[in-house]
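Colleague: A single structure is presented below for examination.
The values are calculated or read from the model by the stated rules, or taken from the named source; none is laboratory data. Everything numeric in this text was worked out from a predicted model, so none of it was measured. Quick reminder, even Gly has a Cβ in these numbers, built from the backbone with ideal geometry, and neighbours come from all protein chains shown.
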Amino acid sequence: MSKTSTSTQRIFIGLWPDKAAQTALHPLSAAALQHCGGRALRPDQWHITLAFLGSLSMQDVDGLCAQASEWQLPTAPFCIDHYGYFKQAGIVWVGSQETVSLQQMAACHRRLWQYLLPLGYRPEQRPFVPHVSLLRQAESCTLDALSSFIPFDWYSAHCYVVESRPTARGTHYIPLCEIALRPHL
């Protein structure tokens, strides 16, 4: 994929869902918006962030993408089974409480950092909580007010190095390069 900007903003690496998972997220997002307020993320923005790298120069991004084209990350179904709320950030999200799903997502996260650490990148200090953000700027959210839902599997269709660019109409994500995924055995 080609880069479309001359100056890079914020760079992250994330997993994008297949069509079935994206379809299953629609009613969850609508319910969260109805009960919690805030600003819904567009379906094309739904992803699981594996690594936030911050602001990088175009030279650094070019080097990262050259390396990333050689990488492979393990992927497995990720069971979406509950809502969560990061109160301080005002983010309503969905994720998993299923041990196997969390372990497999952690394995993908660890493998990515095995590639990134030798390049000089450092992970954030907060723990890795795999989740899909549905709302930003939620005014308040009582998770008990949200209806339970039938758990479903998120299958990752793509993993991208992404530029996150703020615009007047909200944040725009620009995939810069793709990282290969392979089924977790």
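Colleague: Name the one entry in PHE86, PHE78 that is at pLDDT below 95 and of a type outside the set (Lys, Arg).
Modeller: PHE86
Colleague: Here's another thing I want to ask about it. Considering the stretch 140-155 alone, what residues qualify as being in a loop (DSSP other than H, G, I, E, B) and under 25 Å from TRP16 (Cα atoms)?
Modeller: LEU146, SER147, SER148, PHE149, ILE150, PRO151, TYR155
Colleague: Considering only residues that are in contact (Cβ under 8 Å) with a residue 24 or more places away in the chain and part of a loop (DSSP other than H, G, I, E, B), look in the stretch 105-127 and name the one that is farthest from the chain's Cα centre (by Cα).
Modeller: Step by step, filter the stretch 105-127, then rank; the result is TYR121.
Colleague: Step by step: first the residues of the stretch 72-117, then only those that are β-branched (Val, Ile, Thr) and out of contact with any Lys or Arg (no Cβ under 8 Å at 6 or more places or on another chain), then the one that is farthest from ALA180 (Cα to Cα). Which residue is that?
Modeller: Ranking the qualifying residues of the stretch 72-117, first place goes to VAL92.
Colleague: How many of the residues making up the stretch 101-118 are farther than 18 Å from LEU53 by Cα and out of contact with any strand residue (DSSP E or B) (no Cβ under 8 Å at 6 or more places or on another chain)?
Modeller: Of the residues in that region, 2 qualify.
Colleague: How many residues, within the stretch 137-152, are buried (at least 17 other Cβ atoms within 10 Å of the Cβ) and either out of contact with any helix residue (DSSP H, G or I) (no Cβ under 6 Å at 6 or more places or on another chain) or modelled with pLDDT of 90 or more (or both)?
Modeller: 2
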